[in-house]
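Bear in mind that the values in this text are calculations on the coordinates, not laboratory data. None of the values given here were measured: they were computed from a predicted structure. Heads up, the Cβs are rebuilt from the backbone with ideal geometry, glycines too, and the neighbour counts pull from every protein chain shown.
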Amino acid sequence: MDLFEPGSGSQVHDINGGVLASGLFWTLPLDDNALQVSDDGRRAVLDAEDIQVIESYRVFGPNTTPATLSFHIDWEATGPFVDRGKDAAVAPTDPAAFLARFAVARSTAEFEVSEFGFSFSSDPGISTDRGFAEMGRERNGAFLP
């Protein structure tokens, strides 16, 4: 999660999970029950509390401090699900070598980050009403049979 100064647009916070030895970054494991999906697949809720992260103040910045992150994100499909990708009908290196069903959605979220002597949080119920959200399921080409 990155935060920018409203006036200048300068980055002031970069909250992340660090960089793994494999080079993977901006990802964190969550409990299996952190994501709840409705039976019809049209609503999903992601909750996480007190995840250990790193504050580096700017992307890959040289200074870091430990921080904790909590968030709640809620998606609800507002349109029909649409099939995307070509699965194994194309070479595994083809950008279309995945299979997915996506729907345009509305999302609301709130989050809180705290570190030594400092914390910040979002306004409750911020939404994608002036932006874009989608939800669905995807199977990455690297994992196709």
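Once the mean 1/r over all distinct Cα pairs of region 2-140 is inverted, what Kirkwood radius in angstroms do you read off?
One decimal place: 17.4 Å for the Kirkwood radius.
If I model a spin label at Ala100 and Asp87 as a point 7 Å from the Cα along the Cα→Cβ vector, what separation in nanometres do I get?
About 1.7 nm separates the two model spin labels.
Beta carbons within 10 angstrom, averaged per residue: use that to sort the peptides 73-84, 28-39, highest first.
73-84, 28-39
Rounded to the nearest 20 debye, what is the charge dipole size of region 2-140 about its Cα centre when +1 sits on each Lys and Arg Cβ and -1 on each Asp and Glu Cβ?
Roughly 600 debye, rounded to the nearest 20.
If the chain between Leu28 and Ser121 were fully stretched, how many nm would it gain, using 0.36 nm times the residue separation less the Cα-Cα distance?
31.5 nm
Can you list residues from other chains, or at least 5 along the same chain, whose modelled amide H is less than 5 Å from the amide H of Glu134?
Ala105
Given the options Gly18, Gly41, Gly85, state which has the largest fluctuation in a GNM of the chain using a 10 Å cut-off (strictly under) for Cα springs.
Maximum fluctuation in the GNM of the chain, among the listed residues, is at Gly85.
Full-extension gain between Thr64 and Ser38, please, as 0.36 nm times their residue separation minus the C-alpha to C-alpha distance.
5.5 nm
Pulled fully out, how much extra length does the chain show between Thr78 and Tyr57, if you take 0.36 nm times their separation in residues and subtract their Cα-Cα distance?
Additional length available on full extension: 4.0 nm.
Please state the shape class of region 7-67: rounded when a/c is under 1.5, otherwise prolate if a/b exceeds b/c and oblate if not, all from the C-alpha gyration tensor.
prolate
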